[in-house]
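For reference, the structure is listed below as structure tokens.
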Amino acid sequence: MGEEISNKQVILSNYVKTSVKESDMSLRTSKIQIKNPSGCDGAVLVKNLYLSVDPFILSLMKNQELDLPSFTLDSCYLSDLELVVCDSAEVILGNAGFVTFILIVSEKQQLEMYELETENQRGETVYVSTASGAVGQLVGQFAKIAGCYVVGSAGNKEKSAFTLMKVDLLKNKFGFDEAFNYKEEQDYNAALKRYFPDGIDIYFDNVGGKMLEAVLNNMRLNGRVALCGMISQYNSLEQPEGVHNLINAIVRVRMEGFFTSDHYHLYPKFLEMVVPLIKEEKITYVEDIAEGIESAPGALFGLYSGRNVGKLLVLVARE
């Protein structure tokens, strides 16, 4: 039979109806066999080091049809993560579940790499929503390096020192020109006019909804909107908010959604750009790390409450 090891998994216990609850998830322990299964030459046992906790997961926890398939009950969560091949020192990145170990047994079970493609010009104005999050903090810094004027917004359900800290990080750690707490703004349109009196060239959208609508009122000629996420809508996908001013996009505003996995071919080029920037300390980064796979449900719940600062990860194993 071969040696067996314990494998912990976070599974979906209940489909999410509105807001996610920790009770929608449960922890299951099973056994996984180290020896290659019969007929599966070349199978690789992979151990998770970190799990990536991302907003899009909520849309997959609902029983509905999307371009990405929903989870089934008792299924393991999908995650962008860092893994290490157990029988070597090789570290890889890819998609897998919220599990301690995964056995890759065929070529079809591939691990995908990710990249970020930038598109801006010196002197342009850039607005980033959810700017203190995993993606937003980097988008703003890349735009600043490219010579743009950058404003970011962040917030929390409650007005607190925690929210002030997020806004402070954007200006004093990540180098944004301006930042504001969108929770304190009664009128998004007025707030954007305050920070962009001459309009917005590029909007990197992580929230959708009313903020996207306000941005369309303030876009400049030939502006671009990158649709990365719509966290304001993930709890209401059955009846999402409409954007009622798309007529503003007729003024040659381009809106485009994307998945990073569509641009895998650019990953080597991305590394050539970003590694020197990190070494020269021109790019900085904040991570919010929860320890142990048992903490994954609470981490995911906290993500939608705005509790995290920076990239939210679950540390599964240190080695």
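Determine which member of the set Leu227, Leu237 is at pLDDT 90 or above, under 24 Å from Arg307 (Cα atoms), open to solvent by 10 Å² or more (accessible area, probe 1.4 Å) and of a type outside the set (Ser, Thr, Tyr). Before you say what the answer is, go through the steps one by one.
On the way: Leu237 fails: at pLDDT 90 or above.
Selected residue: Leu227, the only one of Leu227, Leu237 that is at pLDDT 90 or above, under 24 Å from Arg307 (Cα atoms), open to solvent by 10 Å² or more (accessible area, probe 1.4 Å) and of a type outside the set (Ser, Thr, Tyr).
Which residues, counting only those in region 244-302, are of a type outside the set (D, E, K, R) and assigned to a strand (DSSP E or B)? Quick ask: steps written out before the conclusion?
Our first condition is that a residue be of a type outside the set (D, E, K, R); within region 244-302, this holds for 244-251, 253, 255, 257-261, 263-268, 270-271, 273-278, 283-286, 289-290, 292-293, 295-302.
Within region 244-302, Met255, Gly257, Ile289, Ala290 qualify.
Within region 241-262, is even one residue of a type in the set (Gly, Ala, Ser) and farther than 24 Å from Thr125 by Cβ?
yes
Those residues that are more than 19 Å from Ala131 (Cα to Cα) and open to solvent by less than 30 Å² (accessible area, probe 1.4 Å), I need them from region 300-315; list them, please.
Residues of region 300-315 that are more than 19 Å from Ala131 (Cα to Cα), as a first pass: 301, 314-315.
Passing the criteria: Val314, Leu315.
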Region 176-193 residues that are assigned to a loop (DSSP other than H, G, I, E, B), paired with ones that are of a type in the set (Gly, Ala, Ser) and open to solvent by less than 60 Å² (accessible area, probe 1.4 Å) (beta carbon under 6 Å, 6 or more apart): Phe176/Gly140; Phe176/Gly152; Glu185/Ala191
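I'd like to check something: does region 275-288 contain any residue that is modelled with pLDDT of 90 or more, buried (at least 17 other Cβ atoms within 10 Å of the Cβ) and not polar (S, T, N, Q)? Break it down stepwise before answering.
The initial filter retains those residues of region 275-288 that are modelled with pLDDT of 90 or more, namely 275-284.
From what is left, the residues that are buried (at least 17 other Cβ atoms within 10 Å of the Cβ) are 283.
Keeping just the survivors that are not polar (S, T, N, Q) gives 283.
Yes, region 275-288 has at least one match.
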Restricting region 197-210 to residues that are at pLDDT 95 or above and within 18 Å of Arg254 (Cβ to Cβ), the residue that is surrounded by the most Cβ atoms within 10 Å (Cβ to Cβ): Tyr203
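The values are calculated or read from the model by the stated rules, or taken from the named source; none is laboratory data. Since the model is a prediction, treat every value here as computed from it, not as a measurement. Note that we place each Cβ from the backbone using ideal geometry, even for glycine, and neighbour counts take in every protein chain shown. With ligands, DNA and RNA removed, areas are computed over all heavy atoms of the protein, side chains included. Shrake-Rupley method; radii C 1.70, N 1.55, O 1.52, S 1.80 Å.
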